[in-house]
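The structure appears below as structure tokens.
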Amino acid sequence: MTSHTGFAAIAAQLDGQAIELPSWAFGNSGTRFKVFGSAGTPRSVEEKIADAATVHRFTGLAPTVALHIPWDKVDDYAALRSYAAEQGVALGTINSNTFQDDDYKFGSLAHVDPKVRRKAIDHHLECIDIMDATGSRDLKSWLADGSNYPGQADLRGRQDRLAESLSTIYDRIGEEQRLVLEYKFFEPAFYHTDVPDWGTSYAQVTALGERATVCLDTGHHAPGTNIEFIVMQLLRLGKLGSFDFNSRFYADDDLIVGSADPFQLFRILFEVIRGGGFGPDSDVAFMLDQCHNVENKIPGQIRSVLNVQEMTARALLVDRVALDAAQTDGDVLGAHGILMDAFYTDVRGDLAAWREERGLPADPMRAYAESDYQSQIEAARVGGTQLSWN
Ligand code: LRH
Ligand code: MN
Ligand code: MN
């Protein structure tokens with residue numbers, strides 16, 4: 001199978017692929033050591049949306065933008081929804097935030113104090129009101145809840161309180177809406193986290209009901225974790241709601257997806273496709289959760305969605321009939337070779353042609369560099385306060 005005939009067979013499956021962009025990717029970001037400013041950085045939620053819409057114009061891959069509340073708080077969400085539509089995108093997932101308020105020092109939904117739990121629950125209910133106005137489907141909750149020292153907290157009590165808080169929130173989730181619970185095994189708490197892994201998230205959302213699912217952030221696992229296995233298992237259980245895509249070398253680095261380990265991204269996407277998580281019949285949401293500390297943000301996001309598309313194409317190229325036969329025959333190296341053949345297939349030329357056929361630039365990175373969008377925003381966005389990612 002040459003790469004060209006192979007690509008022709010999968011080209012149509014790439015139509016409709018959508019990767020949601022995080023509004024916070026367009027703000028200035030950095031580490032705890034330094035946040036670097038950059039010319040043209042948005043000063044308002046609207047400017048973030050305009051930048052996200054630019055990524056979509058150049059790639060055709062990013063029709064929605066995720067908001068984070070309160071970072072993206074505005075007075076009129078219906079107006080923001082119209083503004084986004086004028087720019088050519090829609091508002092997507094609403095991310096709650098219960099990690100930046102002094103009251104949450106010892107947690108939020110699992111906090112020992114009912115008043116703090118109520119405040120965190122009310123914040124989630126406010127997010128659902130926002131979803132009603134923006135037309136968003138998903139409420140994504142990531143909790144910083146946890147502890148730093150053995151003995152600091154009653155692990156079991158916290159889990160029970162978390163379940164109770166989540167069920168109060170879930171009661172308000174609309175028929176067409178979903179609650180998506182994200183897990184992370186460390187940071188900012190380092191001894192224990194209340195939702196550290198897919199199993200805990202799965203147990204919590206399964207207790208809630210059908211419209212509660214798991215969010216898998218690729219940066220939230222210990223080094224060496226077989227993430228594609230988790231993808232397989234969650235799809236098998238019908239509980240993979242969404243991805244937060246990014247790359248990591250050492251911690252929760254939030255680097256460009258597919259940059260640290262393109263092969264891992266390929267393996268994940270292969271299991272997504274294998275498990276029915278890709279295409280019009282799937283409601284698995286693909287999102288980025290990234291920051292751009294030292295590179296320009298818009299091309300950083302363009303590179304990211306292109307990386308996801310490229311690895312999706314390669315994963316679609318796996319000859320699954322031959323793979324199944326080799327696996328059944330116990331042909332270890334034959335099966336491995338079939339997977340690697342697809343991974344090593346260079347689809348960049350085919351994808352360039354695919355884009356041109358759809359009225360998109362063949363090389364979105366170059367087209368953006370040659371456009372005047374960056375110089376325009378750098379000239380126009382002077383004065384005011386640049387937004388940082390948080
Ligand atoms: C936590 C996280 C979560 C937050 C985002 C800003 O590490 O991945 O998704 O909402 O970062
Ligand atoms: Mn995340
Ligand atoms: Mn993270």
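Please state the shape class of segment 207-250: rounded when a/c is under 1.5, otherwise prolate if a/b exceeds b/c and oblate if not, all from the C-alpha gyration tensor.
Prolate shape, in that a/c is at least 1.5 and a/b is the bigger ratio.
About the Cα centre of the chain, what is the dipole size in debye to 20, counting +1 per Lys and Arg Cβ and -1 per Asp and Glu Cβ, all else neutral?
Dipole about the Cα centre, nearest 20: 500 debye.
Is there a pair in K34/K140; K119/K239; K48/K239; K239/K297; K73/K239; K119/K140 whose C-alpha atoms are over 25 Å apart, and which pairs would that be?
K34/K140; K119/K239; K48/K239; K239/K297; K73/K239
If the viscosity is 1.567 mPa s and the temperature 4 °C, what Stokes-Einstein diffusion coefficient in µm²/s follows for segment 1-115 when Rh is the Kirkwood radius over Cα pairs?
Reported coefficient: 76 µm²/s.
Using the C-alpha atoms of segment 1-57, what convex hull volume per residue, in cubic angstrom, is computed?
Spelled out: Cα convex hull of segment 1-57, divided by residues, is 154 Å³.
For the chain, what is the calculated [θ] at 222 nm in deg cm²/dmol (nearest 500), taking -39500 (n - 2.57) for each run of four or more DSSP H residues and dividing by its residue count?
Helix-only estimate at 222 nm: -13500 deg cm²/dmol.
When the Karplus curve 6.51 cos²θ - 1.76 cosθ + 1.60 is applied with θ = phi - 60°, which whole-Hz ³J(HN,Hα) does each residue of segment 250-258 get, with x for Gly and Pro?
10, 9, 9, 5, 6, 7, 4, 3, x
What spacing in nm lies between the two simple spin-label points modelled at Y191 and A133, each 7 Å away from Cα in the Cβ direction?
4.1
With charges only on Cβ, +1 for K and R and -1 for D and E, what is the dipole size of segment 1-77 about its Cα centre, in debye, rounded to 20?
Dipole magnitude for segment 1-77 comes out near 380 debye.
Could the peptides 55-63, 111-119, 372-380 be put in order, highest first, of the mean number of other beta-carbon atoms found within 10 Å of their residues?
Ranking, from highest mean packing down: 55-63, 111-119, 372-380.
With each label point set 7 Å from Cα along the Cα-Cβ vector, what nm distance links A222 and F36?
3.4
Among M287, M340, which comes first, second and so on when ranked by fewest other beta-carbon atoms within 10 Å?
Arranged by neighbour count, lowest to highest, M287, M340 become M340, M287.
When the Karplus curve 6.51 cos²θ - 1.76 cosθ + 1.60 is applied with θ = phi - 60°, which whole-Hz ³J(HN,Hα) does each residue of segment 262-275 get, with x for Gly and Pro?
Once θ is set to phi - 60°, the couplings for segment 262-275 become x, 5, 5, 4, 4, 5, 4, 5, 4, 5, 4, 5, 4, x Hz.
Could you give the dipole magnitude of segment 56-135 about its Cα centre, charging the beta-carbon of Lys and Arg +1 and that of Asp and Glu -1, in debye to the nearest 20?
Using only the charged Cβ atoms, the result is roughly 240 debye.
Neighbouring Cβ atoms within 10 Å as the yardstick, rank V382, V214 fewest first.
Least crowded to most crowded, the residues run V382, V214.
Using the 10 angstrom Cβ neighbour count as an exposure proxy, how do E228, E271 rank, fewest first?
E228, E271
Taking every eigenvalue of the Cα gyration tensor of the chain, multiplying by 5 and rooting it, what semi-axes result, largest first, whole Å?
Each semi-axis is the square root of five times an eigenvalue, giving 33, 28, 19 Å.
Readers should treat all values here as calculations from the given coordinates under stated rules, not as data from a laboratory. Bear in mind that the values here come from a model prediction, so they are computed numbers and not experimental data. For neighbour counting, all protein chains shown are included, and Cβ atoms are generated from backbone atoms with ideal geometry for every residue, glycine included.
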